[in-house]
Amino acid sequence: MNRDANVLRRLMPLWILATCCGLALHSTAHADQTPVAVCDWAFTDDLDITPADLSSLLVWLDASTIEAADGEDVNVWPDQSGNENDLTAASAQPPFLKATGANGLPSVGFGQELDRSDPRFMDVVLPEPHQPGDGPAVFAILTIPEAIPNTMRVGVVWGNYQSSPNYNVEVHTNGRTRWYWNNGQRNLFGSADARQDAPVLVSWHRNAAQSRIETYLNGTPDIQNTNPGTTLAFGQSWRLGFDFRTGGFFVPLIGDIAEFALYDRALLDNERLLIEHSLATKYGIETPYRRIVMLDGSGSFDPDGDSLSYEWTVNGELVGTDEMTPALLTCGEFEATLTVTNEAAQSDQCSVSFEVTPGVTGDLNCDGKVGGADLGILLSAWGPCADPDNCPADLTGDGVVGGADLGVLLSNWTG
Ligand SMILES: [Ca+2]
Ligand SMILES: [Ca+2]
Ligand SMILES: [Ca+2]
(Lines give C-alpha, C1' and ligand atoms only; values in the text may rest on other atoms or scores of the structure.)
(Ligands and ions follow the chains in the order given, each with its own letter.)
Protein backbone atom coordinates (compact mmCIF):
# COMPACT_ATOMS: atom_id res chain seq x y z
CA MET A 1 0.00 0.00 0.00
CA ASN A 2 1.50 3.32 -0.99
CA ARG A 3 1.62 6.26 1.35
CA ASP A 4 -1.32 8.11 -0.30
CA ALA A 5 -3.62 5.10 0.02
CA ASN A 6 -2.65 4.81 3.66
CA VAL A 7 -3.51 8.43 4.31
CA LEU A 8 -6.79 8.01 2.49
CA ARG A 9 -7.67 4.95 4.57
CA ARG A 10 -6.96 6.89 7.79
CA LEU A 11 -8.98 9.88 6.69
CA MET A 12 -11.94 7.82 5.46
CA PRO A 13 -13.54 7.29 8.91
CA LEU A 14 -13.18 11.01 9.63
CA TRP A 15 -14.90 11.81 6.36
CA ILE A 16 -17.71 9.38 7.13
CA LEU A 17 -18.00 10.80 10.67
CA ALA A 18 -18.10 14.38 9.39
CA THR A 19 -20.64 13.54 6.73
CA CYS A 20 -22.76 11.62 9.12
CA CYS A 21 -22.70 14.33 11.85
CA GLY A 22 -23.19 17.09 9.34
CA LEU A 23 -26.31 15.35 8.17
CA ALA A 24 -27.36 14.71 11.75
CA LEU A 25 -26.95 18.37 12.68
CA HIS A 26 -28.75 19.36 9.52
CA SER A 27 -31.67 17.08 10.25
CA THR A 28 -31.81 18.29 13.90
CA ALA A 29 -32.14 21.87 12.67
CA HIS A 30 -34.97 20.77 10.44
CA ALA A 31 -36.68 19.02 13.35
CA ASP A 32 -36.65 22.14 15.57
CA GLN A 33 -40.27 23.16 15.52
CA THR A 34 -41.90 26.45 16.26
CA PRO A 35 -44.25 26.90 19.24
CA VAL A 36 -47.99 26.53 19.03
CA ALA A 37 -50.16 29.14 20.77
CA VAL A 38 -53.44 27.91 22.25
CA CYS A 39 -55.90 30.45 23.70
CA ASP A 40 -58.69 29.92 26.18
CA TRP A 41 -60.59 32.16 28.57
CA ALA A 42 -63.12 31.97 31.40
CA PHE A 43 -64.87 34.25 33.87
CA THR A 44 -63.65 33.87 37.43
CA ASP A 45 -64.46 35.44 40.78
CA ASP A 46 -61.37 34.00 42.34
CA LEU A 47 -58.40 36.36 42.06
CA ASP A 48 -55.67 35.78 44.60
CA ILE A 49 -53.13 38.52 43.91
CA THR A 50 -50.94 40.70 46.13
CA PRO A 51 -48.64 43.64 45.34
CA ALA A 52 -45.69 41.21 45.39
CA ASP A 53 -47.07 39.39 42.34
CA LEU A 54 -45.90 42.26 40.11
CA SER A 55 -42.25 42.97 39.34
CA SER A 56 -40.25 46.02 40.46
CA LEU A 57 -41.97 46.29 43.83
CA LEU A 58 -39.66 48.46 45.95
CA VAL A 59 -41.58 48.91 49.22
CA TRP A 60 -44.75 47.17 50.45
CA LEU A 61 -46.19 47.95 53.85
CA ASP A 62 -49.18 46.15 55.34
CA ALA A 63 -50.28 47.18 58.84
CA SER A 64 -51.36 43.62 59.60
CA THR A 65 -47.67 42.59 59.69
CA ILE A 66 -46.76 45.03 62.48
CA GLU A 67 -45.92 43.52 65.85
CA ALA A 68 -47.68 45.95 68.15
CA ALA A 69 -50.87 45.94 70.16
CA ASP A 70 -53.74 48.37 69.67
CA GLY A 71 -52.58 51.88 70.58
CA GLU A 72 -48.91 50.97 70.86
CA ASP A 73 -46.15 52.84 69.06
CA VAL A 74 -45.12 51.54 65.67
CA ASN A 75 -41.33 51.72 65.75
CA VAL A 76 -40.78 49.38 62.81
CA TRP A 77 -43.08 48.75 59.86
CA PRO A 78 -41.70 45.65 58.15
CA ASP A 79 -41.36 45.80 54.37
CA GLN A 80 -43.06 42.88 52.61
CA SER A 81 -41.50 43.53 49.18
CA GLY A 82 -38.58 41.19 49.81
CA ASN A 83 -36.14 44.12 49.66
CA GLU A 84 -35.86 44.58 53.45
CA ASN A 85 -36.79 48.24 53.15
CA ASP A 86 -38.30 48.34 56.63
CA LEU A 87 -39.51 51.71 57.80
CA THR A 88 -38.51 52.97 61.24
CA ALA A 89 -39.85 55.72 63.44
CA ALA A 90 -36.81 57.92 63.80
CA SER A 91 -38.25 60.54 66.09
CA ALA A 92 -40.12 61.04 69.31
CA GLN A 93 -43.27 61.09 67.20
CA PRO A 94 -43.86 57.50 66.10
CA PRO A 95 -47.21 56.59 64.63
CA PHE A 96 -49.30 54.03 66.50
CA LEU A 97 -51.27 50.93 65.70
CA LYS A 98 -55.05 50.95 65.31
CA ALA A 99 -55.94 47.26 65.52
CA THR A 100 -59.19 47.65 63.59
CA GLY A 101 -58.65 51.07 62.00
CA ALA A 102 -59.42 50.20 58.38
CA ASN A 103 -62.83 48.51 58.11
CA GLY A 104 -61.81 46.02 60.79
CA LEU A 105 -58.23 45.56 59.57
CA PRO A 106 -55.21 47.17 61.20
CA SER A 107 -54.02 50.63 60.21
CA VAL A 108 -51.29 52.97 61.38
CA GLY A 109 -52.34 56.27 62.92
CA PHE A 110 -50.25 59.21 61.76
CA GLY A 111 -51.29 62.79 62.71
CA GLN A 112 -54.58 62.70 64.64
CA GLU A 113 -55.13 66.41 65.31
CA LEU A 114 -56.91 68.45 62.66
CA ASP A 115 -54.60 71.40 63.41
CA ARG A 116 -51.57 69.23 62.63
CA SER A 117 -50.22 69.57 66.15
CA ASP A 118 -49.02 65.96 66.42
CA PRO A 119 -46.94 65.13 63.33
CA ARG A 120 -45.90 61.48 63.13
CA PHE A 121 -43.84 59.82 60.46
CA MET A 122 -41.51 56.96 59.51
CA ASP A 123 -38.27 56.84 57.55
CA VAL A 124 -36.45 54.49 55.26
CA VAL A 125 -33.02 54.69 53.66
CA LEU A 126 -33.14 52.65 50.50
CA PRO A 127 -29.97 50.65 49.74
CA GLU A 128 -29.81 52.16 46.28
CA PRO A 129 -31.04 55.41 44.76
CA HIS A 130 -34.77 55.24 44.01
CA GLN A 131 -34.90 54.82 40.23
CA PRO A 132 -38.52 54.76 39.12
CA GLY A 133 -37.69 54.55 35.42
CA ASP A 134 -40.84 55.34 33.46
CA GLY A 135 -42.79 55.15 36.76
CA PRO A 136 -43.23 55.13 39.68
CA ALA A 137 -46.56 53.64 40.72
CA VAL A 138 -47.74 54.23 44.30
CA PHE A 139 -50.76 52.77 46.09
CA ALA A 140 -52.01 53.68 49.56
CA ILE A 141 -54.98 52.79 51.72
CA LEU A 142 -55.68 55.98 53.66
CA THR A 143 -58.31 57.01 56.17
CA ILE A 144 -58.65 60.79 56.22
CA PRO A 145 -60.96 62.71 58.58
CA GLU A 146 -63.87 64.37 56.85
CA ALA A 147 -63.56 67.28 59.28
CA ILE A 148 -60.19 68.55 57.99
CA PRO A 149 -60.85 72.14 56.85
CA ASN A 150 -60.92 72.73 53.09
CA THR A 151 -57.97 75.09 53.30
CA MET A 152 -55.69 72.62 55.07
CA ARG A 153 -53.44 70.25 53.20
CA VAL A 154 -54.13 66.72 54.38
CA GLY A 155 -50.46 65.95 54.08
CA VAL A 156 -47.63 64.17 52.34
CA VAL A 157 -47.94 60.40 52.06
CA TRP A 158 -44.48 59.67 50.65
CA GLY A 159 -41.72 62.08 49.81
CA ASN A 160 -38.09 63.21 49.96
CA TYR A 161 -38.79 66.90 49.77
CA GLN A 162 -35.56 68.25 51.19
CA SER A 163 -33.46 66.33 48.68
CA SER A 164 -32.87 67.45 45.10
CA PRO A 165 -34.29 66.27 42.85
CA ASN A 166 -37.36 65.42 44.84
CA TYR A 167 -40.94 64.33 44.54
CA ASN A 168 -43.81 63.59 46.80
CA VAL A 169 -47.27 62.11 46.56
CA GLU A 170 -49.81 63.90 48.66
CA VAL A 171 -53.40 64.67 49.53
CA HIS A 172 -53.75 68.45 49.40
CA THR A 173 -56.43 71.00 50.28
CA ASN A 174 -60.06 69.96 49.77
CA GLY A 175 -58.84 66.37 50.04
CA ARG A 176 -57.49 66.45 46.49
CA THR A 177 -54.76 64.10 45.30
CA ARG A 178 -51.53 65.84 44.36
CA TRP A 179 -48.54 64.87 42.24
CA TYR A 180 -45.34 66.85 42.84
CA TRP A 181 -42.28 65.94 40.76
CA ASN A 182 -38.70 67.11 40.35
CA ASN A 183 -38.73 70.25 42.50
CA GLY A 184 -42.10 71.31 41.12
CA GLN A 185 -41.41 70.68 37.43
CA ARG A 186 -44.77 68.87 37.54
CA ASN A 187 -47.25 70.02 40.19
CA LEU A 188 -50.73 68.64 39.59
CA PHE A 189 -53.97 68.48 41.56
CA GLY A 190 -57.01 66.26 41.31
CA SER A 191 -60.56 67.24 42.14
CA ALA A 192 -62.08 64.30 44.03
CA ASP A 193 -62.20 64.44 47.84
CA ALA A 194 -60.33 61.74 49.77
CA ARG A 195 -61.64 62.99 53.17
CA GLN A 196 -64.19 60.26 53.76
CA ASP A 197 -63.73 59.10 57.39
CA ALA A 198 -63.39 55.63 55.87
CA PRO A 199 -60.61 53.80 54.03
CA VAL A 200 -59.95 55.12 50.53
CA LEU A 201 -57.66 53.71 47.89
CA VAL A 202 -55.43 56.41 46.42
CA SER A 203 -52.92 55.65 43.70
CA TRP A 204 -50.42 57.78 41.82
CA HIS A 205 -48.98 56.77 38.46
CA ARG A 206 -46.37 58.15 36.12
CA ASN A 207 -45.87 56.51 32.72
CA ALA A 208 -43.19 58.46 30.87
CA ALA A 209 -43.23 56.12 27.85
CA GLN A 210 -46.91 56.89 27.33
CA SER A 211 -46.69 60.54 28.49
CA ARG A 212 -49.12 60.12 31.37
CA ILE A 213 -49.40 61.22 34.96
CA GLU A 214 -52.52 59.96 36.68
CA THR A 215 -54.07 59.57 40.08
CA TYR A 216 -57.04 57.44 41.03
CA LEU A 217 -59.34 57.66 44.03
CA ASN A 218 -61.11 54.37 44.72
CA GLY A 219 -60.28 53.29 41.19
CA THR A 220 -61.86 56.36 39.57
CA PRO A 221 -59.59 58.62 37.47
CA ASP A 222 -58.68 61.91 39.12
CA ILE A 223 -55.53 63.65 37.83
CA GLN A 224 -55.15 62.81 34.12
CA ASN A 225 -52.20 64.68 32.61
CA THR A 226 -50.08 64.16 29.51
CA ASN A 227 -46.76 65.72 30.59
CA PRO A 228 -44.74 63.23 32.67
CA GLY A 229 -41.79 65.56 33.35
CA THR A 230 -38.16 64.47 33.32
CA THR A 231 -37.23 60.87 34.11
CA LEU A 232 -34.81 60.92 37.03
CA ALA A 233 -33.18 58.87 39.75
CA PHE A 234 -33.71 60.15 43.28
CA GLY A 235 -31.85 59.82 46.56
CA GLN A 236 -32.06 57.11 49.18
CA SER A 237 -33.81 58.85 52.12
CA TRP A 238 -37.61 58.73 52.11
CA ARG A 239 -40.33 59.47 54.58
CA LEU A 240 -43.84 58.13 55.00
CA GLY A 241 -46.46 60.48 56.42
CA PHE A 242 -44.38 63.64 56.06
CA ASP A 243 -41.73 65.27 53.90
CA PHE A 244 -38.17 66.12 54.80
CA ARG A 245 -38.40 69.84 55.50
CA THR A 246 -36.90 70.76 58.85
CA GLY A 247 -38.44 74.21 59.06
CA GLY A 248 -41.14 76.37 57.59
CA PHE A 249 -44.50 74.97 56.61
CA PHE A 250 -44.61 71.35 57.70
CA VAL A 251 -47.01 69.05 55.92
CA PRO A 252 -47.35 65.91 58.02
CA LEU A 253 -50.20 63.60 57.09
CA ILE A 254 -53.42 63.88 59.07
CA GLY A 255 -54.98 60.43 59.05
CA ASP A 256 -54.07 56.76 58.87
CA ILE A 257 -52.27 54.47 56.46
CA ALA A 258 -53.21 50.80 56.39
CA GLU A 259 -51.23 49.73 53.36
CA PHE A 260 -48.65 51.22 50.97
CA ALA A 261 -46.96 49.86 47.84
CA LEU A 262 -44.32 51.51 45.65
CA TYR A 263 -43.13 50.22 42.27
CA ASP A 264 -40.01 51.34 40.44
CA ARG A 265 -41.68 51.29 37.05
CA ALA A 266 -44.87 52.26 35.25
CA LEU A 267 -47.58 49.62 35.57
CA LEU A 268 -49.81 48.49 32.74
CA ASP A 269 -53.39 49.67 33.16
CA ASN A 270 -54.46 46.08 33.74
CA GLU A 271 -51.78 45.68 36.41
CA ARG A 272 -53.05 48.81 38.16
CA LEU A 273 -56.56 47.38 38.05
CA LEU A 274 -55.37 44.09 39.53
CA ILE A 275 -53.69 45.78 42.50
CA GLU A 276 -56.66 48.10 42.97
CA HIS A 277 -59.00 45.11 42.90
CA SER A 278 -56.87 43.27 45.45
CA LEU A 279 -56.62 46.19 47.88
CA ALA A 280 -60.20 47.36 47.46
CA THR A 281 -61.55 43.86 48.06
CA LYS A 282 -59.38 43.45 51.15
CA TYR A 283 -60.52 46.74 52.72
CA GLY A 284 -64.13 46.66 51.59
CA ILE A 285 -63.75 49.63 49.26
CA GLU A 286 -66.09 49.96 46.31
CA THR A 287 -64.40 50.54 42.96
CA PRO A 288 -65.89 50.69 39.45
CA TYR A 289 -67.28 47.27 38.57
CA ARG A 290 -65.27 45.00 36.34
CA ARG A 291 -65.39 41.29 35.65
CA ILE A 292 -62.33 39.12 35.96
CA VAL A 293 -61.52 37.19 32.81
CA MET A 294 -58.79 34.58 33.17
CA LEU A 295 -56.87 34.43 29.91
CA ASP A 296 -55.48 30.92 29.69
CA GLY A 297 -52.51 30.11 27.47
CA SER A 298 -51.65 26.90 29.30
CA GLY A 299 -52.51 24.75 26.28
CA SER A 300 -49.64 26.34 24.34
CA PHE A 301 -46.56 24.23 23.69
CA ASP A 302 -43.33 23.87 21.80
CA PRO A 303 -43.08 20.46 20.11
CA ASP A 304 -39.43 20.20 21.19
CA GLY A 305 -40.20 21.28 24.74
CA ASP A 306 -38.51 24.68 24.47
CA SER A 307 -39.56 27.04 27.26
CA LEU A 308 -42.01 29.74 26.24
CA SER A 309 -42.69 33.35 27.10
CA TYR A 310 -46.19 34.77 26.90
CA GLU A 311 -47.69 38.12 25.95
CA TRP A 312 -51.41 38.79 26.16
CA THR A 313 -53.17 41.75 24.60
CA VAL A 314 -56.86 42.66 24.85
CA ASN A 315 -58.20 44.79 22.01
CA GLY A 316 -54.58 45.56 21.15
CA GLU A 317 -53.49 46.66 24.62
CA LEU A 318 -50.89 44.68 26.56
CA VAL A 319 -52.45 43.24 29.72
CA GLY A 320 -49.84 40.81 30.99
CA THR A 321 -47.02 38.38 30.34
CA ASP A 322 -48.08 35.31 32.30
CA GLU A 323 -49.33 32.00 30.93
CA MET A 324 -52.46 32.59 33.01
CA THR A 325 -53.17 36.34 32.89
CA PRO A 326 -56.21 37.77 34.63
CA ALA A 327 -57.78 40.79 32.91
CA LEU A 328 -60.28 43.13 34.54
CA LEU A 329 -62.80 44.18 31.92
CA THR A 330 -65.96 46.22 31.72
CA CYS A 331 -68.92 44.82 29.81
CA GLY A 332 -68.35 44.76 26.07
CA GLU A 333 -66.84 42.80 23.22
CA PHE A 334 -63.18 41.88 23.30
CA GLU A 335 -60.52 40.09 21.33
CA ALA A 336 -57.62 38.67 23.32
CA THR A 337 -54.44 37.72 21.50
CA LEU A 338 -51.66 35.56 22.88
CA THR A 339 -48.14 35.57 21.46
CA VAL A 340 -45.91 32.73 22.62
CA THR A 341 -42.20 32.89 21.88
CA ASN A 342 -39.47 30.29 22.42
CA GLU A 343 -35.79 30.77 23.21
CA ALA A 344 -34.95 30.86 19.49
CA ALA A 345 -37.34 33.83 19.11
CA GLN A 346 -39.76 31.72 17.08
CA SER A 347 -43.33 32.68 17.90
CA ASP A 348 -46.95 31.86 17.27
CA GLN A 349 -50.19 33.70 17.95
CA CYS A 350 -53.76 32.80 18.71
CA SER A 351 -56.79 34.98 19.37
CA VAL A 352 -60.06 34.45 21.13
CA SER A 353 -63.13 36.70 20.96
CA PHE A 354 -65.63 36.96 23.75
CA GLU A 355 -68.28 39.19 25.23
CA VAL A 356 -68.14 40.33 28.84
CA THR A 357 -71.66 40.41 30.22
CA PRO A 358 -72.95 41.40 33.67
CA GLY A 359 -72.23 38.81 36.31
CA VAL A 360 -75.71 39.15 37.80
CA THR A 361 -79.03 38.63 36.03
CA GLY A 362 -80.88 41.93 35.90
CA ASP A 363 -77.74 44.07 36.10
CA LEU A 364 -78.54 45.89 32.87
CA ASN A 365 -76.01 48.72 33.31
CA CYS A 366 -73.19 46.38 34.32
CA ASP A 367 -72.25 47.94 37.65
CA GLY A 368 -72.37 44.72 39.64
CA LYS A 369 -75.68 45.57 41.32
CA VAL A 370 -79.35 45.21 40.51
CA GLY A 371 -81.10 48.40 41.46
CA GLY A 372 -82.96 51.49 40.40
CA ALA A 373 -80.77 52.21 37.39
CA ASP A 374 -81.50 48.74 36.01
CA LEU A 375 -85.20 49.11 36.74
CA GLY A 376 -85.19 52.34 34.73
CA ILE A 377 -83.56 50.60 31.77
CA LEU A 378 -86.10 47.77 31.94
CA LEU A 379 -89.09 50.10 32.12
CA SER A 380 -87.83 52.20 29.20
CA ALA A 381 -87.57 49.01 27.10
CA TRP A 382 -91.10 47.86 28.04
CA GLY A 383 -93.02 46.07 25.29
CA PRO A 384 -92.06 43.81 22.37
CA CYS A 385 -88.33 43.72 21.55
CA ALA A 386 -87.43 45.53 18.33
CA ASP A 387 -84.63 43.00 17.87
CA PRO A 388 -85.23 39.88 19.96
CA ASP A 389 -81.59 38.82 19.44
CA ASN A 390 -80.35 42.03 21.01
CA CYS A 391 -82.78 42.82 23.79
CA PRO A 392 -80.91 42.80 27.11
CA ALA A 393 -83.95 43.78 29.18
CA ASP A 394 -85.79 40.66 27.99
CA LEU A 395 -84.49 38.60 30.88
CA THR A 396 -86.82 35.67 30.15
CA GLY A 397 -85.87 35.48 26.47
CA ASP A 398 -89.45 35.48 25.17
CA GLY A 399 -89.07 38.51 22.91
CA VAL A 400 -91.06 40.82 25.17
CA VAL A 401 -90.04 43.07 28.04
CA GLY A 402 -92.85 42.83 30.55
CA GLY A 403 -94.06 41.68 33.91
CA ALA A 404 -92.10 38.42 33.88
CA ASP A 405 -88.83 40.31 33.31
CA LEU A 406 -89.73 42.79 36.03
CA GLY A 407 -90.26 39.85 38.37
CA VAL A 408 -86.82 38.41 37.52
CA LEU A 409 -85.17 41.78 38.08
CA LEU A 410 -86.91 42.32 41.42
CA SER A 411 -86.03 38.82 42.59
CA ASN A 412 -82.35 39.62 42.00
CA TRP A 413 -82.58 43.10 43.57
CA THR A 414 -79.44 44.10 45.48
CA GLY A 415 -80.16 47.82 45.77
CA1 LIG B 1 -38.78 24.36 19.17
CA1 LIG C 1 -76.92 47.56 37.75
CA1 LIG D 1 -89.33 38.74 28.64
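Could you list, in sequence order, all residues of region 167-223 that are over 26 Å from Pro129 (Cβ atoms), under 19 Å from the mean Cα position of the chain (by Cα) and assigned to a strand (DSSP E or B)?
The answer is Pro199, Val200, Leu201, Tyr216, Leu217, Thr220, Pro221, Asp222.
Which fully enclosed strands (runs of 3 or more DSSP E) of region 249-355 have 3 or more residues being under 26 Å from Val156 (Cβ atoms)?
256-263
The conditions are (1) away from ligand 2 (no atom under 13 Å from the Cβ); (2) in contact with a Gly (Cβ under 6 Å, 6 or more places away or on another chain); (3) part of a loop (DSSP other than H, G, I, E, B), and Gly415 fails exactly one of them. Which is it?
Condition (1) is where Gly415 drops out.
Could you pull out the residue among Gly219, Gly241, Gly190 that is on the phi > 0 side of the Ramachandran plot and either crowded, with 22+ Cβ neighbours inside 10 Å or not assigned by TED's automatic domain parsing to the domain that holds Gln112 (or both)?
Gly241
Results for (1) among the polar types (S, T, N, Q); (2) more than 12 Å from ligand 2 (Cβ to nearest atom), shown as yes or no for each residue.
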residue	(1), (2)
Glu311	no, yes
Leu329	no, yes
Ser347	yes, yes
Gly371	no, no
Ala386	no, yes
Asp398	no, yes
Gly403	no, yes
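Quick one: which of Asp45, Asp40, Asp53 is loosely packed, with under 13 Cβ neighbours inside 10 Å and of a type in the set (D, E, K, R)?
Answer to the selection: Asp45.
If you take the residues of region 325-348 that are surrounded by fewer than 14 Cβ atoms within 10 Å (Cβ to Cβ) and under 23 Å from Ser307 (Cβ atoms), which of them is nearest to ligand 1 (Cβ to nearest atom)?
Per the criteria, the residue is Ala344.
Please determine, by comparing only the residues of region 286-318 that are more than 18 Å from Asp46 (Cβ to Cβ) and touching a Pro at 6+ places or on another chain (Cβ under 6 Å), which one is nearest to ligand 1 (Cβ to nearest atom).
Asp302
Of the conditions (1) under 18 Å from Tyr289 (Cβ atoms); (2) in contact with a Pro (Cβ under 9 Å, 6 or more places away or on another chain), Val401 clears all except one; give me its number.
In the conditions (1) under 18 Å from Tyr289 (Cβ atoms); (2) in contact with a Pro (Cβ under 9 Å, 6 or more places away or on another chain), Val401 misses (1) alone.
Restricting the first residue to region 293-310 and requiring it to be under 12 Å from Cys350 (Cα atoms) and free of Cβ contacts under 8 Å to residues at least 60 places away in the same chain, which pairs with a second residue that is away from ligand 1 (no atom under 16 Å from the Cβ) and acidic (Asp, Glu) meet a Cβ separation below 6 Å and a spacing of at least six or different chains?
Here the result reads Tyr310/Glu323, each pair linking region 293-310 to a residue that is away from ligand 1 (no atom under 16 Å from the Cβ) and acidic (Asp, Glu).
The values are calculated or read from the model by the stated rules, or taken from the named source; none is laboratory data. The shown structure was predicted, so the numbers you read here are calculated from the model rather than taken from an experiment. Methodologically, a virtual Cβ is constructed for each residue, glycine included, from the backbone with ideal geometry; neighbour enumeration extends over all protein chains shown.
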